[in-house]
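To start, the structure under review is shown below, and the notes come after it.
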Amino acid sequence: MILVCGGLADGVTELVCARLADCGYPYRLLDLGNYPAGFQVNWRWLPSGPKGYITSPQWKLDLEEISGVYIRYLGPEGRVTLPEIKASSAPAMYHEYDTGLMVLLEDLPCLVVNRLGGGWSNNSKPYQSLIVRQCGLMTPSTLVTNDPQAAYRFYESCQGEVIYKSLSGIRSIVRRLGTDQLTRLSLLRHGPAQFQAFIPGDNVRVHTVGDQVFATRVRSAAVDYRYVRKEGLDVNMEATSLPPVVEQSCLRLARHLDLPFAGIDLKESPNGDYYCFEINPSPGFLYYEKHSRQPISLALADLLRDGFTGSVERCTADCSSETGVR
């Protein structure tokens, strides 16, 4: 039995559940949007691993029955606050609930997509870039600093072609470093930022699912194509292929970080070089599946059913159906 931990208000979790149902793969949903209300998680540790069960008003699932787990944790905005919990206490209370569940899921002997440990590098982009390079992918020339003069020298060395973004796993909008930002460089002393040489070319989003690779070419004039609407620009996506050496490096990176399912952000320069910006341990793949029509959710469903054995039997459900693409 597959266990899905997430909230149906999240489109990615909804797609995973729909795909599992479409393929006829049995699953249970632990709805984190309402958890812990209506759920009971009870277990104890034995030398062989955790033993116990999870119940909802509709079902009971022994931990030994779980063959695969898909997790997509929610932020505070995705939770329904229980009436008996004060709003001021809610963040701490839900942190306790989630921590208990996380500890259990981390220790299950089955495939878990993904365990928390695989995503720790996402909290430090400079550290993650070291791992990226170790796995054979190039990264842009980068400067992390809170020194305004160092930032300006980097800007000049890159002929003014520089972007800046967050150092951590907290989402930020990638922007060009322009005249307006240069006038505010003195504020940099209050906290460091990450600057990178701007790489022209097409973005390529890669999803690794076990031993499979799905690459989506993204064409847009926007610096950060995730926010094209804010800039009044367009984005075009299509399935693409990668050079074998780049594909193998992406698989090597995902395996090195123990991520059976990962989203890797690349960019292909005009001369055919591939640069890696980051690896996402909980990719919002619905956006890419919808626009590229690639069967990412099918591959994920097969992976959850069969585990990461290096070869899985493929579900034959139609990924272009309304069930699979929302």
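Here Ser186 meets each of (1) among the small types (Gly, Ala, Ser); (2) more than 30 Å from Tyr70 (Cα to Cα); (3) assigned to a loop (DSSP other than H, G, I, E, B) with one exception, condition (3). Exactly one residue out of Asp258, Asp224 is on the phi < 0 side of the Ramachandran plot, acidic (Asp, Glu) and touching a residue at least 24 places away in the same chain (Cβ under 8 Å), and it is Asp224. Within region 177-196, the set of residues being of a type in the set (A, V, I, L, M) and surrounded by fewer than 17 Cβ atoms within 10 Å (Cβ to Cβ) comprises Leu182, Leu187. Of the listed requirements (1) at negative phi; (2) modelled with pLDDT of 95 or more, Gln58 misses just one: (2). Among the residues of region 27-38, the ones that are touching a Ser or Thr at 6+ places or on another chain (Cβ under 9 Å), part of a loop (DSSP other than H, G, I, E, B) and open to solvent by 40 Å² or more (accessible area, probe 1.4 Å) come to 1 in all.
Here the condition is being open to solvent by 30 Å² or more (accessible area, probe 1.4 Å), on the phi > 0 side of the Ramachandran plot and out of contact with any Cys (no Cβ under 7 Å at 6 or more places or on another chain); of Gly24, Gly49, it holds for Gly24 alone.
Restricting attention to region 222-281, the residues that are polar (S, T, N, Q) and not in a loop (DSSP other than H, G, I, E, B) add up to 5.
Residue pairs whose Cβ atoms lie under 7 Å apart, separated by 6 or more positions or on different chains, with the first residue in region 194-205 and free of Cβ contacts under 8 Å to residues at least 60 places away in the same chain and the second aromatic (Phe, Trp, Tyr), are Phe195/Phe154; Phe195/Tyr164. Only residues that are open to solvent by 20 Å² or more (accessible area, probe 1.4 Å), assigned to a loop (DSSP other than H, G, I, E, B) and among the aromatic types (Phe, Trp, Tyr) were counted across region 282-303, and they come to 0. Comparison of Val162, Val132 shows that the only residue that is over 22 Å from the mean Cα position of the chain (by Cα) and at pLDDT 95 or above is Val162.
Can you say whether Phe198 is within 30 Å of Gln149 (Cβ to Cβ) and at pLDDT 95 or above, as far as the supplied structure shows? When the stated conditions are applied, Phe198 passes them. For Leu251, indicate whether it is at pLDDT 95 or above and buried (at least 18 other Cβ atoms within 10 Å of the Cβ). It is true that Leu251 is at pLDDT 95 or above and buried (at least 18 other Cβ atoms within 10 Å of the Cβ). Looking across Val228, Val213, Val218, Val206, one residue alone is open to solvent by 20 Å² or more (accessible area, probe 1.4 Å) and under 24 Å from Ser282 (Cα atoms). It is Val213.
The values are calculated or read from the model by the stated rules, or taken from the named source; none is laboratory data. Since we're looking at a predicted model, the values are computed, not measured. Reconstructed Cβ throughout: ideal geometry from the backbone, glycine too, with neighbour counts over all protein chains shown. Ligands, DNA and RNA are excluded from the accessible area calculation, which covers all protein heavy atoms including side chains. Shrake-Rupley method; radii C 1.70, N 1.55, O 1.52, S 1.80 Å.
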